[in-house]
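Single-structure report; data block below.
None of the figures in this text is laboratory data; all of them are computed from the coordinates on show. The structure presented is a predicted model; accordingly, all values stated were derived computationally and were not measured. Neighbour counts are summed over all protein chains in view; Cβ atoms, including those assigned to glycine, are modelled from backbone coordinates with ideal geometry.
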């Protein structure tokens, strides 16, 4: 049985979403971390799992697939300095095929590093509303 609810953790983090009958985050939810970061997406037995978006306190963000709380599968990682990697992840690390790009100064030229990547189905912008899964 899945129930909806909110819990405030002692460190200041807040979870609002679905819970299983064991008291674990399970299903769709939003976890707002004490440092200002947040995760919106699916949870499985307390861990980020399936599709989700994590916004880090430093302005970095990841849109994609998770497994047991780690980047796992296909996703897009963007840093505030303009670095972007789109491709495969395993156990929280870049692993497999993908492509990356970095902004270089002056003139905001875009430097693109390409790896073979058959996926074109994720888009990740600088705002949460710009991240879509199609």
>> Quick check on the range 43-83: take the gyration tensor over C-alpha atoms, sort the square-rooted eigenvalues as a ≥ b ≥ c, and tell me if it's rounded (a/c under 1.5), prolate or oblate.
In response: prolate
> Which of 94, 54 comes first, and how do the rest follow, when ranked by fewest Cβ neighbours within 10 Å?
Replying inline: 94, 54
> Sorted from fewest to most neighbouring beta carbons within 10 Å, what does the list 102, 32 look like?
Replying inline: 102, 32
> When 6, 86 are ordered from fewest to most other Cβ atoms inside 10 Å of their Cβ, what list results?
Replying inline: 6, 86
>> Given points 7 Å out from each Cα along the Cα-Cβ axis, report the residue 99 to residue 30 separation in nanometres with one decimal.
In response: 3.3
> Roughly what would the spin-label model give for residue 20 and residue 6, points 7 Å off Cα along C-beta, in nm?
Replying inline: 2.5
